[in-house]
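This report concerns only the one structure given below.
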């Protein structure tokens, strides 16, 4: 029963079990939950989601590494944590088009940093177990947050922020 719960949560409600690009689909699935959290305009909820996703990732990592492999693609709870970090201090625009632009840009930036792993992200992944699995996604999320904040600062109209 506990392993079924670990599978459900670790795969992001099974989004990580898709055969192609599980990290991408896991990140997209996270956006389904992140968007209504952002609409609440209370930073506390997003912080709680990020912390909860991080704790889940750490809790289920040993099970996933035993079941699949080292840093398995099926485990996407770490993507959920990193993807949510991207939006930590990002306000929504209030318009659907602006909000979707913000979410799409944050998603693409996170996936870029998570896949390419520049600026020390690759080296932080060397840590074994749950810490290494989670830390690279959190760092990718932080870099994506910095880039998204910068883009919004220089081009607020593109994101529906006036």
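The values are calculated or read from the model by the stated rules, or taken from the named source; none is laboratory data. Values in this document were obtained by computation on a predicted structure and should not be read as measured data. In this analysis, Cβ positions are derived from the backbone assuming ideal geometry, glycine residues included, and neighbour counts consider all displayed protein chains.
Of the residues 83, 74, which is in contact with a helix residue (DSSP H, G or I) (Cβ under 8 Å, 6 or more places away or on another chain) and outside any helix (DSSP H, G or I)?
On the way: 83 fails: outside any helix (DSSP H, G or I).
Of the residues listed, the single one that is in contact with a helix residue (DSSP H, G or I) (Cβ under 8 Å, 6 or more places away or on another chain) and outside any helix (DSSP H, G or I) is 74.
Of all residues in segment 116-135, exactly one satisfies the criterion of being under 12 Å from the mean Cα position of the chain (by Cα) and in contact (Cβ under 8 Å) with a residue 24 or more places away in the chain, namely 134. Counting only residues that are within 10 Å of residue 80 (Cβ to Cβ) and assigned to a loop (DSSP other than H, G, I, E, B), segment 14-35 holds 0 of them. Taking first residues from segment 99-113 that are on the phi > 0 side of the Ramachandran plot and in contact (Cβ under 8 Å) with a residue 60 or more places away in the chain and partners that are buried (at least 20 other Cβ atoms within 10 Å of the Cβ) and in a helix (DSSP H, G or I), no Cβ contact under 9 Å between residues at least 6 apart in sequence or on separate chains turns up.
Among the listed residues 38, 8, identify the single one that is surrounded by fewer than 15 Cβ atoms within 10 Å (Cβ to Cβ) and part of a helix (DSSP H, G or I). I'd like the intermediate steps shown before the answer.
On the way: 38 fails: surrounded by fewer than 15 Cβ atoms within 10 Å (Cβ to Cβ).
Going through 38, 8 in turn, the sole match is 8.
On the stretch given as segment 63-89, residues that are at pLDDT below 95 and either farther than 19 Å from residue 22 by Cβ or under 17 Å from the mean Cα position of the chain (by Cα) (or both) total 5.
When residue 37 is tested against (1) touching a helix residue (DSSP H, G or I) at 6+ places or on another chain (Cβ under 6 Å); (2) within 17 Å of residue 138 (Cβ to Cβ); (3) free of Cβ contacts under 8 Å to residues at least 60 places away in the same chain, exactly one condition is not met: (2).
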